[in-house]
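The values are calculated or read from the model by the stated rules, or taken from the named source; none is laboratory data. Since this is a predicted model, take the numbers as computed values, not measurements. Ideal geometry is used to build each Cβ from the backbone, glycine not excepted, and the neighbour counts take in all protein chains shown. For the accessible areas, the whole protein counts, side chains as well, though only heavy atoms, and no ligand, DNA or RNA atoms are used. Shrake-Rupley method; radii C 1.70, N 1.55, O 1.52, S 1.80 Å.
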Amino acid sequence: MILMIHMIPRIFIMLPVLILLLLAVIAVIFLLIKLCSKRPWIAVIAVLLLLPLIAFVFLRVSYQGFRAHRNFVYSEPEHISSESEENAAAIWLPGIEDEFEANVYPSKLSAVRSLGLHIGKPVRQVFGQTSPSGIILFHGAHDRGLIEEFGRAIAKTFPDANWTIAPETVAVQPDEVGVRIDIVKVQTNPVPWPSGSENEMTSGTIQASVLAGDKQASVKAEFIDKPWIEDLSSFLNTSPNSRFIIAKSAESCMTEAEANQQAVQNACSLVADMLGHAPLRRSGVPVSFAKPVNSTDILEGNFILDRFVQSFEGTAGKIWRQALLVDASREKLKNLAQRKAVIALARKTGFARMFFSIFGLIVLITVVYVFLNAATKGYYVWSLRVAGVVFALVVIILLLV
């Protein structure tokens, strides 16, 4: 059933060509029948001339296909863009994570930045509606840069409050609040991309606890290390011998599946552009045949090394976006280009076989008609003609469909 559904558009696309071809076949059959009915020797000469010609052309097409596959040369594109930024969608503009609360963040730094921007609610829960005069950030065992990023984000939420970093032994004054950062549920996994330095990525939950007197409230944020999202330039420097591109969903999506579809489609476009800049030399294959890239090519070719799926709590519901880390290595592109060349050659050979099958069918029907007409002494001339045409139409339809 699925195969038939996919074949329907192809049938409708081929319908004008099919009609024109059928009309041409009918005209040729009637012409040959008319000539051969008066001069039967014409059929014998036509068969003797056409059969070697058909065999020669068929063998030539097959040999070209074999030679093209054997002599396939992949020419590497001169320039590859690591990321598609020409028409950046609004969902990927800087600051979107600051405006909306996300379900997950691509690094600890972006997670604590979000916590600082959304710290207002737990502060009001423990301190009331007035703003504290000072906010003490307990250093703990965390990296100082992480705490400083948290403090800069808090300064945007409470611009009139002074924030300082201090050890947990410092007493919190009545007009101040203290904030402690805890990283829990930490997990480490091998990175799915070839890496020259970092071989593990971390995921977990960062919790910011606000303390004032005997009251306490907290806010949480999930994170998973995706350095290729957070800082692409630094990520590329860690793997100088690898080559990556970033594919992203183009619009604000209402579902995760829609975001995935858009990201994969963007990956198809980027890889197709790269194949378009890498001509298939000496293959005898038009670029128009070899260039189109679909999701099957991307998925079966294992181009996708990693993905980052993120949702935001918008006013009308969740908004989804997705980014893909795509392997643009020479070997991947070469394998895909070779596969597309083989497919294109198969199409070319298939068209040639179909054409010569139809042509041979016309000759065969004409020869059979001549002998049957001679055997029946012309009594069933129109019956044989109609039968020949109908048989030709049925076989041609089966070949095209």
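Within segment 166-205, track down each residue that is hydrophobic (A, V, I, L, M, F, W, C), farther than 30 Å from R243 by Cα and open to solvent by less than 40 Å² (accessible area, probe 1.4 Å). Outline the logic, then answer.
Here is the first cut: in segment 166-205, the residues hydrophobic (A, V, I, L, M, F, W, C) are 166, 170-172, 177, 179, 181, 183-184, 186, 191, 193, 201.
Filter once more, so that each one left must be farther than 30 Å from R243 by Cα: 166, 170-172, 177, 179, 181, 183-184.
The answer is A166, V177, V179, I181.
Scan F223, F235, F244 and give me the residue that is in contact with a Lys or Arg (Cβ under 7 Å, 6 or more places away or on another chain), within 24 Å of W92 (Cβ to Cβ) and crowded, with 16+ Cβ neighbours inside 10 Å. If you could, list the steps in order and put the result at the bottom.
Details: F235 fails: in contact with a Lys or Arg (Cβ under 7 Å, 6 or more places away or on another chain); F244 fails: in contact with a Lys or Arg (Cβ under 7 Å, 6 or more places away or on another chain).
Among F223, F235, F244, only F223 is in contact with a Lys or Arg (Cβ under 7 Å, 6 or more places away or on another chain), within 24 Å of W92 (Cβ to Cβ) and crowded, with 16+ Cβ neighbours inside 10 Å.
Conditions (1) without any contact (Cβ under 8 Å) to a residue 60 or more places away in the chain; (2) of a type in the set (S, T, N, Q); (3) open to solvent by less than 10 Å² (accessible area, probe 1.4 Å); (4) in a loop (DSSP other than H, G, I, E, B), marked per residue:
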residue	(1), (2), (3), (4)
S110	no, yes, yes, no
L115	no, no, yes, no
Q125	no, yes, no, no
P132	no, no, yes, yes
G140	yes, no, no, yes
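What residue, of E200, E222, is closer than 15 Å to S107 by Cβ and at pLDDT 90 or above? Outline the logic, then answer.
Details: E200 fails: at pLDDT 90 or above.
The unique qualifying residue is E222.
So the check is Cβ under 9 Å with 6+ separation or different chains; which pairs have a first residue in segment 226-242 that's more than 16 Å from P190 (Cβ to Cβ) and a second one that's of a type in the set (G, A, S) and modelled with pLDDT of 85 or more?
I229/S107; I229/S110; I229/A323; E230/S107; E230/S110; D231/S107
Taking F150, is it touching a strand residue (DSSP E or B) at 6+ places or on another chain (Cβ under 9 Å) and more than 12 Å from V179 (Cα to Cα)?
On the way: touching a strand residue (DSSP E or B) at 6+ places or on another chain (Cβ under 9 Å): yes; more than 12 Å from V179 (Cα to Cα): no.
So F150 fails the test.
Consider only pairs whose beta carbons are under 9 Å apart and that are at least six residues apart or on different chains; among these, list those whose first residue lies in segment 332-354 and is within 14 Å of N302 (Cα to Cα) and of a type outside the set (A, V, I, L, M, F, W, C) and whose second residue is assigned to a helix (DSSP H, G or I) and open to solvent by less than 60 Å² (accessible area, probe 1.4 Å).
As it stands, the answer is K332/V271; R339/D297, since those pairs meet every condition given.
Considering each of G317, G350 in turn, give the residue that is modelled with pLDDT under 75 and open to solvent by 20 Å² or more (accessible area, probe 1.4 Å).
Working: G317 fails: modelled with pLDDT under 75.
Exactly one of G317, G350 is modelled with pLDDT under 75 and open to solvent by 20 Å² or more (accessible area, probe 1.4 Å), namely G350.
Since F303 meets every condition but one in (1) buried (at least 17 other Cβ atoms within 10 Å of the Cβ); (2) out of contact with any strand residue (DSSP E or B) (no Cβ under 9 Å at 6 or more places or on another chain); (3) without any contact (Cβ under 8 Å) to a residue 40 or more places away in the chain, which condition does it not meet?
(2)
When segment 195-247 is examined, which residues are found to be closer than 30 Å to G120 by Cα and not in a strand (DSSP E or B)? Don't jump to the end; show me each part of the working.
If we filter segment 195-247 for residues that are closer than 30 Å to G120 by Cα, which is where we start, we get 202-227, 229-231.
The answer is G213, D214, D225, K226, P227, I229, E230, D231.
The rows are residues; the columns are (1) out of contact with any strand residue (DSSP E or B) (no Cβ under 6 Å at 6 or more places or on another chain); (2) surrounded by fewer than 17 Cβ atoms within 10 Å (Cβ to Cβ); (3) within 30 Å of S114 (Cα to Cα); (4) at pLDDT below 80.
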| site | (1), (2), (3), (4) |
| --- | --- |
| T296 | yes, yes, no, no |
| Q322 | no, no, yes, no |
| V368 | yes, yes, no, yes |
| V386 | yes, yes, no, yes |
| V395 | yes, yes, no, yes |
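Hey, could you check segment 113-162 for residues that are among the acidic types (D, E) and out of contact with any Ser or Thr (no Cβ under 7 Å at 6 or more places or on another chain) and say which is farthest from V210 (Cα to Cα)? Show your work before the answer.
If we filter segment 113-162 for residues that are among the acidic types (D, E), which is where we start, we get 143, 148-149, 160.
From the residues that got through so far, the ones that are out of contact with any Ser or Thr (no Cβ under 7 Å at 6 or more places or on another chain) too are 143, 148-149.
Details: D143: 19, E148: 16, E149: 17 Å.
Looking at residues that are among the acidic types (D, E) and out of contact with any Ser or Thr (no Cβ under 7 Å at 6 or more places or on another chain), I get D143.
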